[in-house]
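Encoded as structure tokens, the structure appears first; notes follow it.
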Amino acid sequence: MDTISWLLDSDPAISWQAMRDLTDASPAAITAMRARVAHDGIGAEILSSQASDGSWRRNGTPVWLPTLFTLLLLRTTGVDRTESAVESAVVRLEAGLRWNDYPGCWDLRSPEFGPVPTDGSFGCKPGGNPFFEGEEEPCINGGVLALGAYFGRPNETLARRLLGEQLDDGGWNCEAPRSTRSSFHTTICVLEGLLEFERAVGSASQIGIAAARRRGEEYLLKRALFRRLSTGEVANPAFLKFAFPPRYHYDVLRALDYFRAAGHQPDARAREALQLVESSRQADGRWILDAAFDEALAVPFGETVGNPSRWNTLRALRVLRWYRRPQ
């Protein structure tokens, strides 16, 4: 089976995006395939695994982790947010859960999960922000902003907070203000959130979203997407390995897919990163799953490290197609 057919013959979450990004399929055919995501495959599995209080859960894991990262995986499927099953899931999440005043803790309102601990265990105490208002750390809030915008709940207050946390070098860091240097990891999380917010509300020029994104993008491009600005050395060997799902982790494939999604013209400073992606293609035309940060997912995502990955292959092929298109 050729690579494109292999992608098309898969979960609707992958096949509809392959149709859109890699084929000349008609808009009607693409729409029909996308409509299956909420009812078949991983999208349907995510929706059906939601708890009655709106959370997603995994044994031995704090509730916020599988809730946040499973919902981010649902966004990655490209599910149509206007589907009734999706809107119902978002309504349950809004009604049932709040961020606690301490990062990473939940006020679980639903009585089936028992009372909120108030003795200091797990750092929990009652209260906190509704889910789409975010919590304390920009690496988390970037994902929350993206989710709110994608699922019809764009939050300008959270967007403004992230703008105010941008560092002088153009990026973001979860360790700020203790650290004054940006992190590749946090920067890509925030950029993805700002891009989704801008899509939801328009250019948002009145609060400076586009300008902040450009500064964040320059932070990455000045470093060729994976090098230290000071020495030119590879900033982290893990940046050259392609992970899915990425959780908050950065790699060059994730960065390139962001620039593609943002609609930018390819930048010459990203050429070396593109060459790294292309050189990772296997003889059969597919890409391997180098890593999987799936320890917080409430559902299995269907791939194993070291084997061919449809998610990585989809992203790599559409990035290469974007970079090679006539300018």
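The values are calculated or read from the model by the stated rules, or taken from the named source; none is laboratory data. What you see is a predicted model; the values in this text were computed from it and never measured. Virtual Cβ from ideal backbone geometry, glycine too; neighbours counted across all protein chains shown. Just the protein is used for accessible areas: all its heavy atoms, side chains included, with ligands, DNA and RNA removed. Shrake-Rupley method; radii C 1.70, N 1.55, O 1.52, S 1.80 Å.
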- line: Contact list, first residue from region 1-14 and farther than 12 Å from ASP40 by Cα and open to solvent by less than 40 Å² (accessible area, probe 1.4 Å), second anywhere and modelled with pLDDT under 95 and part of a loop (DSSP other than H, G, I, E, B), beta-carbon distance below 9 Å, six or more apart or interchain, is none
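Closer than 21 Å to MET19 by Cα and either under 21 Å from the mean Cα position of the chain (by Cα) or of a type in the set (Val, Ile, Thr) (or both): which single residue out of VAL234, VAL319 fits that description?
VAL319
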- line: Residue pairs within 6 Å by beta carbon, gap of at least six or interchain, first lying in region 72-85 and of a type outside the set (D, E, K, R), second at pLDDT 95 or above and in a helix (DSSP H, G or I), listed first then second, are LEU72/GLY143; LEU74/ILE46; THR77/ALA13; THR77/GLY43; GLY78/GLN17; VAL79/GLY43; VAL79/VAL86; ALA85/LEU47
- prompt: For region 166-177, how many residues are touching an Asp or Glu at 6+ places or on another chain (Cβ under 8 Å) and surrounded by fewer than 23 Cβ atoms within 10 Å (Cβ to Cβ)?
  reply: 3
Helices (runs of 4 or more DSSP H) wholly inside region 178-296 containing at least 3 residues that are in contact with a strand residue (DSSP E or B) (Cβ under 6 Å, 6 or more places away or on another chain) and either modelled with pLDDT of 95 or more or surrounded by 18 or more Cβ atoms within 10 Å (Cβ to Cβ) (or both): 184-201
message: Against the condition open to solvent by 20 Å² or more (accessible area, probe 1.4 Å), among the acidic types (Asp, Glu) and in contact with a Phe, Trp or Tyr (Cβ under 9 Å, 6 or more places away or on another chain), how does GLU156 come out, does it pass?
response: yes
Residue check for TRP322: surrounded by fewer than 20 Cβ atoms within 10 Å (Cβ to Cβ) and in contact (Cβ under 8 Å) with a residue 60 or more places away in the chain: yes
